[in-house]
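**Student:** Supplied in structure tokens, the structure appears directly below.
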Amino acid sequence: MSDPVRLSPGDTAPDFTLTSDAGDEVSLAALVAEGRKVIVYFYPAAMTPGCTKQACDFTDSLDALQAAGYTVLGVSKDTPAKLAKFRERDGLTITLLSDTDLAVHQAYGAYGEKKLYGKIVQGVIRSTFVVGAEGAIEIAQYNVKATGHVAKLRRDLGLPVPTSEDN
């Protein structure tokens, strides 16, 4: 299998409409039409340790990200029902979207060959994209770490990063 398409800053963000954990349809084009900046992040599976840490970090940073004009969308291959359980279990406030057929993952290059425990496998590539208000990719990050990623993203966006004394 060939390498997945990789997006770069300046590329037009692939549009999508996906179902949220609440059963709502969420469209990237509609958010961009409202002048919103959107952080779209792809993660392998709801309710796993790394994905839970990352989702909780985004939830903890949501007020600061929203104040800077960003909407946060977490995308996984999980069903809306599983995403609703994930939200409830961990008190998540970010929007979780279901991409069960992996079409959006593939459009963003967030599904393909990766190393897992030293073996090459097909799977979700933990990735984050910042889509500007004009619909273009501003930041494209592949193979991000679950822990510490949100703090790095905040630094990349020029937003303050809380220190341990702030918690």
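**Student:** Would you check which residues across the stretch 152-163 are part of a helix (DSSP H, G or I) and either free of Cβ contacts under 8 Å to residues at least 24 places away in the same chain or loosely packed, with under 15 Cβ neighbours inside 10 Å (or both) and list them?
**Tutor:** Keep residues of the stretch 152-163 that are part of a helix (DSSP H, G or I), which gives 152-156.
Lys152, Arg155, Asp156 - these are the residues of the stretch 152-163 that are part of a helix (DSSP H, G or I) and either free of Cβ contacts under 8 Å to residues at least 24 places away in the same chain or loosely packed, with under 15 Cβ neighbours inside 10 Å (or both).
**Student:** Just to be sure I understand the filter: pairs with C-beta atoms under 8 Å, separated by 6 or more residues or on different chains, first member in the stretch 16-36 and assigned to a loop (DSSP other than H, G, I, E, B), second member buried (at least 18 other Cβ atoms within 10 Å of the Cβ) and β-branched (Val, Ile, Thr). Which pairs pass?
**Tutor:** Phe16/Val104; Asp21/Thr95; Arg36/Thr71
**Student:** Only one residue in Ala140, Ala146 is within 17 Å of the chain's Cα centre (by Cα) and either among the basic types (Lys, Arg) or within 19 Å of Gly50 (Cα to Cα) (or both). Which one?
**Tutor:** Ala146
Yes/no matrix, rows are residues, columns are (1) modelled with pLDDT under 95; (2) of a type in the set (S, T, N, Q); (3) closer than 20 Å to Leu7 by Cα:
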| position | (1), (2), (3) |
| --- | --- |
| Gly35 | yes, no, no |
| Val38 | no, no, yes |
| Phe42 | no, no, yes |
| Met47 | yes, no, no |
| Leu73 | no, no, yes |
| Pro80 | no, no, no |
| Glu88 | no, no, no |
| Gly91 | no, no, no |
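**Student:** Limited to the stretch 91-100, what total is found for residues that are free of Cβ contacts under 8 Å to residues at least 40 places away in the same chain and under 21 Å from Lys53 (Cβ atoms)? Quick ask: steps written out before the conclusion?
**Tutor:** Taking the stretch 91-100 as the starting set, the residues that turn out to be free of Cβ contacts under 8 Å to residues at least 40 places away in the same chain are 91-94, 100.
Going one step further and asking which of them are under 21 Å from Lys53 (Cβ atoms), we end up with 91-94.
Within the stretch 91-100, residues that are free of Cβ contacts under 8 Å to residues at least 40 places away in the same chain and under 21 Å from Lys53 (Cβ atoms) number 4.
**Student:** Okay, next question. Go through the residues of the stretch 73-80 one by one and say whether even a single one is more than 28 Å from Gly112 (Cβ to Cβ) and either over 13 Å from the mean Cα position of the chain (by Cα) or of a type in the set (Gly, Ala, Ser) (or both). So that I can check it myself, show each step before the final result.
**Tutor:** The first filter runs over the stretch 73-80 and keeps only residues more than 28 Å from Gly112 (Cβ to Cβ), leaving none.
Within the stretch 73-80, none of the residues are more than 28 Å from Gly112 (Cβ to Cβ) and either over 13 Å from the mean Cα position of the chain (by Cα) or of a type in the set (Gly, Ala, Ser) (or both).
**Student:** Just to be sure I understand the filter: pairs with C-beta atoms under 8 Å, separated by 6 or more residues or on different chains, first member in the stretch 101-123 and assigned to a helix (DSSP H, G or I), second member at pLDDT 90 or above and among the acidic types (Asp, Glu). Which pairs pass?
**Tutor:** His105/Asp99
**Student:** Sticking with this structure for a sec: With the structure loaded, tell me whether Leu96 is buried (at least 19 other Cβ atoms within 10 Å of the Cβ), in contact with a Gly (Cβ under 7 Å, 6 or more places away or on another chain), of a type outside the set (Val, Ile, Thr) and not in a helix (DSSP H, G or I) or whether it fails that test.
**Tutor:** Details: buried (at least 19 other Cβ atoms within 10 Å of the Cβ): yes; in contact with a Gly (Cβ under 7 Å, 6 or more places away or on another chain): yes; of a type outside the set (Val, Ile, Thr): yes; not in a helix (DSSP H, G or I): yes.
For Leu96, the condition - buried (at least 19 other Cβ atoms within 10 Å of the Cβ), in contact with a Gly (Cβ under 7 Å, 6 or more places away or on another chain), of a type outside the set (Val, Ile, Thr) and not in a helix (DSSP H, G or I) - is met.
**Student:** For a quick check of your reading of the model, give me the residue pairs whose first member lies in the stretch 132-144 and is part of a loop (DSSP other than H, G, I, E, B), whose second is polar (S, T, N, Q), with beta-carbon atoms closer than 8 Å and at least 6 apart or on different chains.
**Tutor:** Going by the 8 Å Cβ cut-off, the qualifying pairs are Gly135/Thr12; Asn143/Ser127; Val144/Ser127; Val144/Thr128.
The values are calculated or read from the model by the stated rules, or taken from the named source; none is laboratory data. Here the structure is a predicted model, which means the values were calculated and not measured. Heads up, the Cβs are rebuilt from the backbone with ideal geometry, glycines too, and the neighbour counts pull from every protein chain shown.
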